[in-house]
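Worksheet for the structure shown next.
The values are calculated or read from the model by the stated rules, or taken from the named source; none is laboratory data. Note that the structure is a prediction, hence the values are computed from the model and not measured. Backbone-built Cβ (ideal geometry, glycine too); neighbour counts: all protein chains shown. All accessible areas refer to the heavy atoms of the entire protein, side chains included, with ligands and DNA or RNA removed. Shrake-Rupley method; radii C 1.70, N 1.55, O 1.52, S 1.80 Å.
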Amino acid sequence: MTAKIVIAGSGFAGFWAAISAMRVISQENKENSIKVILISPRPNLTIRPRLYEAKLDNISPDISKQLAAVGVEYIAGEIQNIDTDAKLLTVNLANGNQTTLVYERFILATGSQLNVPPVPGFDRYGFDVDSLETAHRLETHLQALKNKPETLARNTVVVVGGGLTGLESAAEMPARLKAILGETTEGRVFIIDSESTVGAGMGAEISPVIQQALTECGVELRAGLRVKAISHDGVTLSNGEYIESNTVVLATGVKASFLTEQIRGERDASNRIISDNYLHAQAVSNVFVAGDTVKAPTDNQGNHNLMTCQHALSLGRVAGYNAAAELLGLPLHPYSQPKYVTCLDLGAWGALYTEGWQREIHYIKKEGKKIKQEINTKWIYPPELEKNELFAIAAPDYVIVP
């Protein structure tokens, strides 16, 4: 009987979980007794960290070739139901049919989606860069602005949220507006951050650098405020200020895939399943969680993974290895994040590169931008390599960042 490792999701975590699992199976010459199956709507890995950019070319590369090269079976579809007692998955196939799969080990790596607060108008008038589809929708909207009569609302973009996505989206927007509306157009870009200062989430020492960079890019800062409502022509802030705008970009954080709710166990405020060091879902058997669906300790100092591609890459490699190792009776590998870096794109100013959980600044401006471009265009992309080369960088302790 062939045992099945089923992986849900083809993002950073899901892709590397599949490669990592096949690496162990191949090393043990067990390809005939253990099958790895990956399920996602399309055989693509969306480079989500780049969705704030204006150009969206090659943002969702096809991974069919890599999966086939290592022997992973791909199924186009989405999981509708997870029965952890019966170890049974119900899958809605892309062709409209439905099927079921029994698994010996299951890896949930279906990522996260934008968390839209219950604010009037957010769901109707807000744009976002949470998915490739919504990023295209925003770009189409921005391009169409040049065909509208010039008004203050047309020329103004409001970004709501001061996390990494909000900061990068806001810093990029002044140049995007000028490219669309013309260099002489007086465009305005605002960022609304509920923290006491913009960029506070990056730390007290870094926040002033971010504020300076945003100001130099032409972004107006509004800190310690929330959006009370959005209409078709503007936003109302919690202090009563009204900003005329036809373009409101939501960067209000993310929450883990709804499928986490079908797996028993403790979850955090972002709906992530809290795992052990080996990425087991602790309340059920034979289930691993990776990427944005899991909260796991990265070290012994109380740090946990963040919902970023950097962590997802490592989480996927470890989850895939452990799922296969457990079936093969091999020692499991604990998850850790041996080198944590942050590289924040700040538009025309450049980029800010830090290392460690204390975010010690190493590079800024042009030097930081060069590293950011390397990360965004090379390091995080699925490599087009042969089987053995893919396996070489799929080890659970492989570190991709410099």
| query | Under 24 Å from the Cα of residue 365, which lysines turn up, not counting those fewer than eight places away in the same chain? | reply | 55, 178, 339, 378
| the chain, accessible surface, carbon-and-sulfur percent (1.4 angstrom probe) | 47 percent
| remark: Dipole check, segment 42-134, charges on Cβ (K,R +1; D,E -1), about Cα centroid: among 119, 91, 129 the Cα furthest to the positive pole belongs to 129
| query | Using the Cα gyration tensor of segment 251-343, with a ≥ b ≥ c the square roots of its eigenvalues, what is the shape: rounded (a/c below 1.5), prolate (a/b larger than b/c) or oblate (neither)? | reply | oblate
| Please state the relative contact order of the chain as a whole percent: Cα pairs under 8 Å, 6+ residues apart? | 19 percent
| Dipole moment magnitude, nearest 20 debye, segment 236-331 about Cα centre, only Lys, Arg, Asp, Glu C-beta charged | 240 debye
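Evaluate segment 19-103: find the radius of gyration of its Cα atoms, find its Kirkwood radius, and give the ratio Rg to Rh.
On the Cα set of segment 19-103, Rg over Rh gives 1.05.
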| said: With both bridge residues required to lie in the chain, what share of the DSSP beta bridges run antiparallel, to the nearest 5%? | reply: 50 percent
| For segment 1-89, what is the charge dipole size about the Cα centre, in debye to the nearest 20, if Lys and Arg each add +1 at the Cβ and Asp and Glu each add -1 at the Cβ? | 160 debye
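Accessible area per residue for the chain in Å², computed with a 1.4 Å probe and the full protein assembly in place, what is it?
In whole numbers, the chain has 43 Å² accessible per residue.
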| query | Once Lys and Arg get +1 and Asp and Glu get -1 on their Cβ, which of 223, 398, 300 lies farthest toward the positive end of the dipole of the chain? | reply | 398
| query | Taking the Cα centre of segment 20-81 as the origin and placing charges on Cβ (Lys, Arg +1; Asp, Glu -1), which of 59, 70, 44 is farthest toward the positive end of the dipole? | reply | 59
| query | So what's the gap between the Cα centers of segment 1-72 and segment 350-402, to the nearest angstrom? | reply | 19 Å
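If you place +1 on the Cβ of every Lys and Arg and -1 on the Cβ of every Asp and Glu, how big does the dipole about the Cα centre of the chain come out, in debye to the nearest 20?
So the dipole magnitude of the chain works out to roughly 300 debye.
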| query | Antiparallel as a % of all DSSP beta bridges within segment 1-143, to the nearest 5? | reply | 45 percent
| task | Determine the distance separating the Cα centre of segment 104-141 from the Cα centre of segment 239-299; give it in Å without decimals. | result | 13 Å
| Based on the Cα atoms of segment 110-158, what semi-axes does the equivalent ellipsoid have, where each is the square root of 5 times one gyration tensor eigenvalue, given in whole Å with the largest first? | 24, 15, 7
| Which number comes out as Rg/Rh for segment 124-275 once both Rg and the Kirkwood Rh are worked out on C-alpha atoms? | 1.01
| said: Checking the cross-link filter: which aspartates and glutamates have an alpha carbon closer than 18 Å to that of residue 35, excluding same-chain neighbours under 8 positions apart? | reply: 73, 104, 326
